[in-house]
Every structure is written in C-alpha cells, then in structure tokens.
There are 2 protein chains.
Amino acid sequence: MSDTPYFKHHVFFCMNTRDDGRESCGPRGAEQAQKHAKKRCKQLDINGEGKVRINQAGCLDRCEHGPVLVVYPEGTWYTYVDTSDIDEIIDSHLVGGKPVERLKIK
Amino acid sequence: MSDTPYFKHHVFFCMNTRDDGRESCGPRGAEQAQKHAKKRCKQLDINGEGKVRINQAGCLDRCEHGPVLVVYPEGTWYTYVDTSDIDEIIDSHLVGGKPVERLKIK
C-alpha cells in the first residue's frame, strides 16, 4: 500500500443479471446508474489516471444488498436506490473524501 | 481503511474487447485467464467472504499493458501472458501475500 494508487478511487458497479429468478443488480438500475456516474465524473473532470475510474463489473457476490458498488482502494461498499444516491456518493466520497454512511453496507 | 475488507483480495480482470482496431484485453486471452483463476481459487478453497473474489470487469483503461488485472485493496496491477502467470499470481500473491514483481505494471 506504499505506492500511490493508479486511480485514487476505482469504482466498480455490479452489472449482473441473474437468470435463475434470484435477486440481482442488473434489473435494479445498475446500467443506468453506472452510465450516470461515468458521465457525471467526466463533467466534473475527476476521471482519469490519479483520479477516478468508473467501471462495470460482473457479479460482486453481494446480491442480497443489490444494487451494489464498491470503491477501492478504500474497500467501501454501497447500495443505492437511484441516481441521486449516486450523485451523493460522487460529491461526498469521491470529491469530498467523506464516505456516505447512510448508503454503506458492511 | 480501518475496517477489515469484505474480500481480502478482490481481483478484477479486464475483459474488454475493442471494436475500433485498438489493442484490448479480450482478444489476448482474458476470458480464459479469468475462468482459470476462478476455478483454481475454488479448488484451493480460497474464494469467498474474507478471502478471494475473482471478478470480470469492463475496460480498466490500461489497454497498452493488456491483458491486465488489478488486485484490491492493494491496488497491484498485473499483466500476464498465459495461465501459468495467473497461477503464479494466485500462489505467490493471493495465497502467499508476496506480489509477483516480474508481472507488475506501474
């Protein structure tokens, strides 16, 4: 952990859609949320090396909390309901460095 | 960083295939490598909460080093050529806690 991370905050959105009837993040707005986050970070000019990367990911195996995302290297896990929650995570955590306690999952 | 991470090592394989002719990880064996890693971690019984998670990810934006993967929360980036490199990353880094210097990218 001594090196400066390539991305200051690397955000992974679970995009998985289960086809076995179990709950999953995909049908709960993950794609829209991820696109929204990517667009907003570009608008804020916080994306890129040394800054923020918004990524798609396969199943993060926390389906029961879905939709979920995780921010590394902090390892902070979030759930969200809509894009206003995503905005709060971006503004408070990614820009301000202050995690959003009400959306965190353990 | 004070909390114990949900996954001790969370590994993301870039699975992206570019359709614009530029280099990308997908055509360089990313899918085979990710499946291999997932299977091997299951065989070693190191996958799951508090242990290792092998994930697929969209473009990690380091195409020029592809194929690439990143291990969090350490933030260690690797390139690899084949599944023997993947085995070395699993055995040395994920099991032994010792990064594989020769495969690291900055």
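Numbers at a glance
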{"read-out": "Residues within region B:68-82 that are surrounded by 15 or more Cβ atoms within 10 Å (Cβ to Cβ) and in contact with a Pro (Cβ under 9 Å, 6 or more places away or on another chain), tallied", "value": "9"}
{"read-out": "Tally, over region A:35-61, of residues that are more than 16 Å from B:Asn16 (Cα to Cα) and of a type in the set (S, T, N, Q)", "value": "2"}
{"read-out": "Cβ-Cβ under 9 Å pairs, at least 6 apart or on other chains, region A:25-38 side on the phi > 0 side of the Ramachandran plot, far side part of a loop (DSSP other than H, G, I, E, B) and surrounded by fewer than 16 Cβ atoms within 10 Å (Cβ to Cβ)", "value": "A:Gly29/A:Val81; A:Gly29/A:Asp82"}
{"read-out": "Among the candidates B:Gly66, B:Gly48, B:Gly75, B:Gly21, residue that is in contact (Cβ under 8 Å) with a residue 40 or more places away in the chain and not acidic (Asp, Glu)", "value": "B:Gly66"}
{"read-out": "Residue pairs meeting the criteria (Cβ under 6 Å; at least 6 apart or on separate chains; first surrounded by 18 or more Cβ atoms within 10 Å (Cβ to Cβ), in region A:83-106; second small (Gly, Ala, Ser) and part of a helix (DSSP H, G or I))", "value": "A:Ile86/A:Ala33; A:Ile86/A:Ala37"}
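Where a number appears in this text, it was derived from the coordinates with a stated rule and is not lab data. Here the structure is a predicted model, which is why all the values come from computation and not from measurement. Reconstructed Cβ throughout: ideal geometry from the backbone, glycine too, with neighbour counts over all protein chains shown.
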